[in-house]
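Here the structure is laid out as C-alpha cells; the discussion comes afterwards.
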Amino acid sequence: MALSKKTSADPSDPIVVPSSGLRVTVSWCLVGALAALALAPWVVVALVVLRPPGDARQGDGRKPLATPAVLPGGWPAKGQPGPWGELEYVPISIAPPAEFMVEMEMSGDVKPWYFPGMTADQVRAYLERIELTPEQKSRLLAGLSPAPQVNGVIITPDPEVVKALSPEARQRIYRWLGAYNQNVAQVNSFRITPSEYEQRLMRAAIPEAARQLVRQLTYREERYAFFADLPLVLPLVAEEEGRVQLLKALARQTSALIRLRVRQDTDVDSLAEYWGRGGRTKELRPLLECLANVRGGQVIDVVHLLPGFARRRIYTYPRPSNAPLAVNQDCHWTSLNFFNDVPDDRFLNVQTVTDVIERDYYPVYGSRLLGDIVLVVVGDTAIHSAVYIADDIVFTKNGSSWSTPWMFMRLDDVKGFYPRDGAVEIQFMRRNEL
C-alpha cells in the first residue's frame with residue numbers, strides 16, 4: 001500500500017516497504033475545567049459564528065474563518081450514538097480569510113504541464129487516446145519540449161486550446177496531470193459540490209464573462225465539480241475585490257460544528273475514556289462531570305475534547321506566505337501529529353512517514369476509536385489520510401494547498417474528494433501504544 005502527499009496517486013517515485021507492502025509516494029466548576037483545557041483558542045472558534053463577517057483574528061500563524069455561515073436545513077442533526085456519546089451536527093460553510101488571498105500570487109500566466117519520467121512519445125500516445133480534435137492535438141504537441149529538471153517532458157499549452165477543451169477531455173488530461181506534484185493547479189483543484197456551485201458563482205461580484213468562463217472550464221469527478229484554470233479567468237477580473245470574491249467562492253468548503261450532549265444519566269467514565277485517548281482521560285473527566293451535573297444536561301463543542309494539535313487548527317488555514325513549510329503540512333503531517341503537543345516536522349518527509357506507519361501502527365478491523373488513522377486506498381496506494389473522530393466524522397486536511405483548511409468532514413465526502421481510477425477501500429490504523 002502507498003501513501004500519497006498529494007490529491008492523487010503519484011506513480012513516478014514509489015518507496016516500497018517490503019514487509020507490509022506499504023508505499024509512500026512523493027505524491028476540530030465548568031469555567032475552571034475549560035481553562036485547564038486551554039479554552040482561549042476555542043472562544044475564538046465559538047465567536048466565528050457570532051461576530052460580523054470580516055472580523056478576522058490572528059493566532060499561531062493562522063486566522064480563523066473570515067466569513068463562516070451556518071447552513072439552513074433543520075439542523076442540528078443527530079448522529080449515531082456510540083461510545084463517543086450523543087452527537088449533534090450543525091453544518092457550516094467556511095472560506096479562507098480575504099487577507100490570505102491577497103497574499104497569494106494572482107498571476108494570469110498559464111503554467112506548463114509537467115510529465116516527470118515520461119518521453120515525448122509516451123505523451124503523444126496518451127493524447128491520441130483522448131477525444132481531441134486534430135487541431136487541438138497538433139497545437140498541444142507543438143508546445144512539447146524536454147524537461148531535464150523532472151527527467152521528462154513538459155507541454156506549454158496554448159491558452160486558447162485549453163479554453164476549448166471539452167469537459168471530458170479536460171477531466172482525463174487533468175486527472176493525469178494531477179498525478180504529479182509539479183502540476184500544482186491540477187493537484188490542488190478547487191472542488192465544489194454541484195448543489196452549491198451555481199449559487200456561489202452568482203453570489204461573487206465578478207464580470208459575467210468571467211462567470212461564464214468558469215462554467216466552461218469546470219469538469220466533474222464523481223460528486224464534485226472541479227476547477228483548475230484560475231489563470232485563464234483572472235485577466236477578466238481586474239479589481240482585487242472581485243478576484244478575492246471569486247477565490248472565496250471557489251475555495252469555500254462545507255464542514256460542521258459538532259456538539260456532544262451530556263445528560264445527568266450519561267456514563268461520564270465511558271465518555272472520558274473515549275475522548276481522553278492519548279493520556280488525557282483525567283484532564284477531561286472533571287469537565288464532563290460538570291456538564292452532567294447541570295440540571296437537564298448540557299452540550300459542548302467537541303473541539304474542547306480534542307488534543308491540542310487539532311484544537312489549535314480546526315477551521316483554520318495555513319498562511320500562504322509560510323511556504324514552503326505550510327504547503328507541506330498535508331494530510332499525513334496532520335494525521336501523524338494528531339496526539340502531539342508540538343508538531344513533529346519529520347512527518348514532512350515522505351520516508352519518515354513510511355517508516356513510522358510501518359513500525360508504529362497496526363490495522364484495525366473492529367470498532368474505531370478517536371485518533372485512529374483513516375487511509376483512503378485505491379489499489380495499493382493510499383491517496384489520502386485523515387483522523388477518525390467519531391460516528392462517520394474525520395479530522396482532515398485535504399491536500400497541501402493554502403486554500404484547504406483543517407476541518408471536520410463525513411468520511412463519504414472525503415472519499416469523493418479525490419479523483420482516482422479504481423474502487424476506494426477504507427483502512428484504519430492505530431498507534432501501537434494507544
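The values are calculated or read from the model by the stated rules, or taken from the named source; none is laboratory data. Note that the coordinates shown come from a computational prediction; the quantities given were computed from them, not determined experimentally. Please note: Cβ atoms are built from the backbone with ideal geometry, for glycine as well, and neighbour counts cover all protein chains shown.
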TODO: May I ask you to list pairs of residues, at least six apart or on different chains, whose Cβ atoms are under 6 Å apart, with the first in the range 134-162 being over 13 Å from K111 (Cβ atoms) and the second being small (G, A, S) and assigned to a strand (DSSP E or B)?
DONE: V153/A147
Open item on the list: Looking only at the range 277-296, filter to residues that are basic (K, R) and surrounded by fewer than 16 Cβ atoms within 10 Å (Cβ to Cβ); which one of those is modelled with the lowest pLDDT?
Closed with: R295
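Being in a helix (DSSP H, G or I) and either more than 33 Å from the chain's Cα centre (by Cα) or among the basic types (K, R) (or both) is the filter here, so list the residues in the range 272-297 that pass it. Spell out how you get there, then give the answer.
From the range 272-297, those in a helix (DSSP H, G or I) are 272-275, 281-293; that's our starting set.
Those that are in a helix (DSSP H, G or I) and either more than 33 Å from the chain's Cα centre (by Cα) or among the basic types (K, R) (or both): K282, R285, P286, E289, C290, A292, N293.
Let's see how each residue does on (1) over 19 Å from the mean Cα position of the chain (by Cα); (2) within 19 Å of K415 (Cβ to Cβ); (3) not assigned by TED's automatic domain parsing to the domain that holds F417:
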| residue | (1), (2), (3) |
| --- | --- |
| P159 | yes, no, yes |
| A185 | no, no, yes |
| F190 | no, yes, yes |
| I206 | yes, no, yes |
| R223 | no, yes, yes |
Open item on the list: Suppose the filter is within 23 Å of K111 (Cβ to Cβ) and assigned to a helix (DSSP H, G or I); does Q199 pass it?
Closed with: no
Open item on the list: Of the residues D412, D380, only one is out of contact with any helix residue (DSSP H, G or I) (no Cβ under 6 Å at 6 or more places or on another chain), assigned by TED's automatic domain parsing to the domain that holds D330, surrounded by fewer than 22 Cβ atoms within 10 Å (Cβ to Cβ) and closer than 21 Å to V350 by Cβ; which?
Closed with: D380
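Considering only the range 244-271, state which residues are part of a strand (DSSP E or B) and under 18 Å from P91 (Cβ atoms). Can you show your working first?
Step one: filter the range 244-271 for residues part of a strand (DSSP E or B), giving 253-262.
Selection gives Q253, T254, S255, A256, L257, I258, R259, L260, R261.
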Open item on the list: For the structure I just gave you, tell me whether S401 is within 11 Å of the chain's Cα centre (by Cα) and assigned to a loop (DSSP other than H, G, I, E, B).
Closed with: yes
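Can you list the strands (runs of 3 or more DSSP E) found entirely within the range 73-162 that contain at least 2 residues being at pLDDT 95 or above and under 30 Å from Q264 (Cα atoms)? Walk me through it before giving the result.
Numbers: elements: 86-94, 113-115, 144-147, 152-155.
Per the criteria, 86-94.
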- [ ] Output the residues belonging to the range 214-235 that are surrounded by 19 or more Cβ atoms within 10 Å (Cβ to Cβ) and part of a helix (DSSP H, G or I).
- [x] V214, L217, L230, L232, V233
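Of the residues that sit in the range 313-331 and are of a type in the set (S, T, N, Q) and within 18 Å of Q351 (Cα to Cα), which one is modelled with the lowest pLDDT?
Within the range 313-331, the subset of a type in the set (S, T, N, Q) is 316, 321-322, 328-329.
Then keep just the ones that are within 18 Å of Q351 (Cα to Cα); that gives 328-329.
Numbers: N328: 68, Q329: 84.
Among them, the one singled out is N328.
Based on what the data block shows, is R175 within 25 Å of P405 (Cα to Cα) and part of a helix (DSSP H, G or I)? Before the answer, list the steps.
On the way: within 25 Å of P405 (Cα to Cα): yes; part of a helix (DSSP H, G or I): yes.
Yes: the conditions hold for R175.
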